[in-house]
Structure formats: C-alpha cells, structure tokens
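Each value in this text was obtained by applying a stated rule to the coordinates, not by laboratory testing. Here the structure is a predicted model, which is why all the values come from computation and not from measurement. As a convention, Cβ positions derive from the backbone with ideal geometry for all residues, glycine included, and neighbour counts pool all protein chains shown.
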Amino acid sequence: MRSGIADACRAAARDPEDVTLIVVTKFHPAALVAALAALGVRDVGENRHQEAQAKAEELEHLGLDWHFIGQLQTKKARQAARYASAIHSIDRERLVAALADVDREIDAFVQINLTDDPGRGGVSPDGIEALAEQVLAAPGLRLRGVMSVAPLEEEPARAFERLAGYSERVRALDPAASAISAGMTHDYREAIAHGATHLRIGSAITGKRPEHR
Ligand SMILES: *Cc1c(COP(=O)(O)O)cnc(C)c1O
C-alpha cells in the first residue's frame, strides 16, 4: 500500500509526507486493529459509533487516533467526541451545534455531497461556506478541510477535481483548513492526483470485510 501511495505521489509531483493514511477497520475486530497498531499504524477509521466506541475503549492503551468517517447521529455526537480525534462527516449545522463546546479540540472535516442526490451524505456545495463558518466559530472544533466519497456513477478524477475547487472555497475562509479527506481502495490514485491529504483505505489493507448486519 505504501508503495502504491508513493508511486501516485511521485506521478502527481507530491510529497508522500503530505499524505496521511487512515486505515479503515470497520466491521473488523479490535484484535485486527491491535495487530495493525503493532505494525505501526496510528490512524484508524470507523464509520459506526457503537462499534467504534467499543474498539476505542478496548484499545485505549494504544493511544491511536480514531477518525470517525460515517454518518453521525446528532444525539451520539458528544459520545463520539470522547474517543474520536477527528470527525470527517460534519454535514449539517445541528451536528456542529452538538459538538460546538466539547471539552477537547476535535479535527473537523466538512463532508461534501458530490452527487445531485440529497439522500447521499454531505452538505450540498451551496451550503459549504455557511457550514464551514459555523465550524470555525465552534470552540471545540478545529476546521481541517473537506471530505468526500466519489460517486459510483462518475469518473473519480472528475469528482475529485470538483472537490479540489470546494477545498479552495474553504481555504478562502481559513487558509489553515487545507486538508482534503478523499480516496479509498479503488480511487486513491485519482484522489492523490487531485490533492488528497487524508486517504481512507480499508479493504486494500485489511482484506475483505467480514459480513455485517
Ligand atoms: C468503508 C469506507 C472507506 C474505505 O473503503 P475501502 O473501499 O474499503 O477502501 C472509506 N471511506 C468511507 C466513508 C467508508 O465508509
């Protein structure tokens, strides 16, 4: 995986040091996360609160950075904020309001919907500035940048090109909010080519996920 990332960075004339690999461990047991940690993995991604909370509690002694990458219910937000060092799925004002005054600073990524389907996760592009401004005003949140999942029905490169434009709009509000969380097993090369700084990669590293309910 590391060599694939290094190759894609070289092709894009980017420094691999500027790309953080988050290993997505959803549906896998805590033992697998512990094994990854023993190999040097520090950043892990989870998309369901209950599962993430259980693993983070069990593995608290490892001091890992837990990235929450899935849809987050408003009423679960404060619980997630206890173990998550970053939340990549900030997609609505009520969620920001729920996290605004948590007592540890959390890295926040505004999730953007790259499809025309309002049912998909993320804020629609016309709502980016309002949501980002709200995050900037929240003492418990540190705006890091944008996050997205490439739509299935589109070339990932085209979708990530749009995301890079949205990232520029967020950077216009705060130059420090320059992170782009994008790129999964099948599209990380395209994401790197379009400026991704945080890759969320699961199955390429962990193998096939166990069946889930
Ligand atoms: C599961 C998941 C990933 C990782 O997907 P892979 O295809 O296994 O690399 C990345 N991002 C999100 C939001 C996910 O839910």
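Would a scan of the stretch 12-33 turn up a residue that is more than 17 Å from residue 147 (Cβ to Cβ), buried (at least 22 other Cβ atoms within 10 Å of the Cβ), within 14 Å of the ligand (Cβ to nearest atom) and within 15 Å of the chain's Cα centre (by Cα)?
yes
Give the residue, chosen from 79, 111, that is outside any helix (DSSP H, G or I) and within 22 Å of residue 25 (Cβ to Cβ).
The conditions single out 111.
Go through the stretch 44-72 residue by residue and tally those that are without any contact (Cβ under 8 Å) to a residue 40 or more places away in the chain and part of a strand (DSSP E or B).
5
Do you know which residues across the stretch 1-37 are assigned to a helix (DSSP H, G or I) and among the acidic types (Asp, Glu)?
Hits for the stretch 1-37 are 7, 17, 18.
Would you please name the residue that is nearest to the ligand (Cβ to nearest atom), looking only at residues in the stretch 102-116 that are surrounded by fewer than 24 Cβ atoms within 10 Å (Cβ to Cβ), more than 14 Å from residue 159 (Cα to Cα) and not basic (Lys, Arg)?
Taking the candidates together, the pick is 107.
If I ask for residues that are out of contact with any Phe, Trp or Tyr (no Cβ under 7 Å at 6 or more places or on another chain) and of a type in the set (Val, Ile, Thr), which ones from the stretch 124-178 would you list?
If the condition is that a residue be out of contact with any Phe, Trp or Tyr (no Cβ under 7 Å at 6 or more places or on another chain) and of a type in the set (Val, Ile, Thr), then 135, 149, 170 are the ones that fit.
Of the numbered conditions (1) in contact with a strand residue (DSSP E or B) (Cβ under 8 Å, 6 or more places away or on another chain); (2) within 14 Å of the ligand (Cβ to nearest atom), residue 64 fails exactly one; give the number of that condition.
(2)
Report, by residue number, each residue of the stretch 20-43 that is in contact with a helix residue (DSSP H, G or I) (Cβ under 6 Å, 6 or more places away or on another chain) and closer than 16 Å to residue 198 by Cβ.
Residues satisfying the conditions are 23, 25.
Name every residue in the stretch 132-158 that is closer than 26 Å to residue 201 by Cα and over 16 Å from the mean Cα position of the chain (by Cα), in order of residue number.
152, 153, 154, 155, 156, 157, 158, listed by residue number.
Can you run down the residue pairs with Cβ atoms below 9 Å, 6 or more apart or on separate chains, where the first is in the stretch 73-92 and over 23 Å from residue 179 (Cβ atoms) and polar (S, T, N, Q) and the partner is in a helix (DSSP H, G or I) and within 14 Å of the ligand (Cβ to nearest atom)?
Taking only residues 6 or more apart or on different chains, the pairs are 73/49; 79/49.
Among 168, 211, which is the only one that is over 24 Å from residue 2 (Cα atoms) and either within 15 Å of the ligand (Cβ to nearest atom) or β-branched (Val, Ile, Thr) (or both)?
Of the residues listed, the single one that is over 24 Å from residue 2 (Cα atoms) and either within 15 Å of the ligand (Cβ to nearest atom) or β-branched (Val, Ile, Thr) (or both) is 211.
Just checking: which of the strands (runs of 3 or more DSSP E) contained wholly in the stretch 123-213 hold 3 or more residues that are aliphatic (A, V, I, L, M) and surrounded by 23 or more Cβ atoms within 10 Å (Cβ to Cβ)?
So the answer is 141-147.
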